[in-house]
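Heads up: the structure comes next, in structure tokens.
Where a number appears in this text, it was derived from the coordinates with a stated rule and is not lab data. Model, not experiment: these values are computed from the prediction. In this analysis, Cβ positions are derived from the backbone assuming ideal geometry, glycine residues included, and neighbour counts consider all displayed protein chains.
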Amino acid sequence: MGFVLMLHSLVRWIIVLAAIVAAAKFALGWLRGGAFGKMDKGLASGYAGLLDLQGALGLIYLLWDGYAGGGWPLGRLEHTGLMIVAIALAHLSARLPAANDKLRFRNLFLGVVGSLVLIVLGVALIGGWAR
């Protein structure tokens, strides 16, 4: 089970990197009024997909460790709930209908930044980023 936790810890850094790239790209598209293309759609899908992977790894670890005797500490359950909301926010922002490309970029930017804020708060619940 240590492998799942190690993988879960590694993927968080990939998510942070993807969030920074996505937020920068979506902010530029929003501010400059660029056209929303396949790369932008792929970036949004890739970010949401990474969060899905992270969520699956986290749930596997939570259930396995909880039933194996690690218990269900409140901080871990709060972390799980907050991360589910962050995942939903990332998916919701990609699904919101938009009238034009500028709104799509804005929605995606706000979704990525909002989910990243929730992720930072959720990681703080379980001891911070140094773990």
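The set of residues from the range 36-47 being surrounded by 12 or more Cβ atoms within 10 Å (Cβ to Cβ) and not acidic (D, E) comprises F36, K41, L43, A44, S45, G46, Y47. Taken over the range 49-92, the criterion of being touching a residue at least 40 places away in the same chain (Cβ under 8 Å), farther than 21 Å from W129 by Cβ and of a type outside the set (A, V, I, L, M, F, W, C) is satisfied by H91 alone.
Do we have any residue at all in the range 91-98 that's touching a Ser or Thr at 6+ places or on another chain (Cβ under 9 Å), under 17 Å from S9 (Cβ atoms) and in a helix (DSSP H, G or I)? Within the range 91-98, not a single residue is touching a Ser or Thr at 6+ places or on another chain (Cβ under 9 Å), under 17 Å from S9 (Cβ atoms) and in a helix (DSSP H, G or I).
Residues that are surrounded by 13 or more Cβ atoms within 10 Å (Cβ to Cβ) and not in a helix (DSSP H, G or I) within the range 15-35 comprise just one, G34. Candidates are the residues of the range 112-124 that are touching a Ser or Thr at 6+ places or on another chain (Cβ under 9 Å) and in contact (Cβ under 8 Å) with a residue 40 or more places away in the chain; the one that is nearest to K25 (Cα to Cα) is V112.
Taken over the range 108-131, residues that are in a helix (DSSP H, G or I) and either of a type in the set (V, I, T) or exposed (fewer than 13 other Cβ atoms within 10 Å of the Cβ) (or both) amount to 6. The listed residues are L62, L57, and the only one of them that is within 17 Å of the chain's Cα centre (by Cα) and hydrophobic (A, V, I, L, M, F, W, C) turns out to be L57.
Considering the conditions (1) over 16 Å from the mean Cα position of the chain (by Cα); (2) of a type outside the set (D, E); (3) surrounded by fewer than 18 Cβ atoms within 10 Å (Cβ to Cβ); (4) in a helix (DSSP H, G or I), F105 is excluded by exactly one of them, (3). Screening the candidates Y47, Y67 for the property of being part of a helix (DSSP H, G or I), farther than 16 Å from G122 by Cα, touching a Ser or Thr at 6+ places or on another chain (Cβ under 9 Å) and not β-branched (V, I, T) yields one hit, Y47.
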